[in-house]
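No value in this document is a laboratory result; all are computed from the given coordinates. Please read all numbers here as calculations on a predicted model, not as lab measurements. Here the Cβ is made from the backbone with ideal geometry for all residues, glycine too, and neighbour counts use every protein chain on show.
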Amino acid sequence: MIDAKKYAFSVRVLTAYLSDQSNPDTNQYAFAYTVAIRNIGNIAAQLISRHWIITDANNHVHEIKGLGVVGAQPLLQPNQQFEYTSGSVLATPVGSMRGPYTIVAEDGTFFDAVIEPFTLAVPQILN
């Protein structure tokens, strides 16, 4: 069992629709997402990999797995935060993303930082 006080990361995500990079006539909807990940545990740990599960409104699922995020594998001390912005293009004006980051603590313990589902949506499309 992983000690949640020792090994813990919080994740916050903000999204934005990129109208200038989208083309609704060809079903291309571009979104940016900014992720802030903070080490809320009491041991230094490094983000090793990501696994995104991206689902559009047609239930089409696209998975992305890879090392690090935006070319980095940040090592975060307790209470240190790393923030980055990336993007995704969907075939529908609404979709969602979720998935885990794999983290390794300085003592060699592996654990996941879970990113709960968040919505990507063209403004006012859900109102």
> Let a ≥ b ≥ c be the square roots of the eigenvalues of the Cα gyration tensor of segment 32-127; is it rounded (a/c under 1.5), or, if not, prolate (a/b larger than b/c) or oblate?
Replying inline: prolate
>> Relative contact order for segment 9-121: what percent, with Cα pairs under 8 Å and sequence separation of 6 or more?
In response: 31
> Which ³J(HN,Hα) values in Hz, rounded to whole numbers, follow from the phi angles of segment 100-108 under the Karplus curve 6.51 cos²θ - 1.76 cosθ + 1.60, where θ = phi - 60° and Gly and Pro get x?
Replying inline: x, 9, 8, 10, 10, 7, 5, 8, x
> If we count every other residue with Cβ under 14 angstrom of G95's Cβ, Lys/Arg +1 and Asp/Glu -1, where does the sum land?
Replying inline: -1
>> From the phi angles alone, apply the Karplus equation (6.51, -1.76, 1.60; θ = phi - 60°) to segment 54-67 and give each ³J(HN,Hα) in whole Hz, x where the residue is Gly or Pro.
In response: 10, 10, 8, 5, 8, 6, 6, 10, 10, 10, 10, 10, x, 6
> Each label point is 7 Å from the Cα along the Cα-to-Cβ direction; what then is the distance between the points at V94 and V61, in nm?
Replying inline: 2.0
>> If you take every residue apart from I2 with its C-beta less than 13 Å away from the C-beta of I2, what net charge results, scoring Lys and Arg +1 and Asp and Glu -1?
In response: -1
>> I'd like the antiparallel share, as a percent to the nearest 5, of DSSP beta bridges with both residues in the chain.
In response: 100
> In nanometres, what is the gap between the two model label sites at K5 and L18, each 7 Å from Cα along Cα-to-Cβ?
Replying inline: 4.3
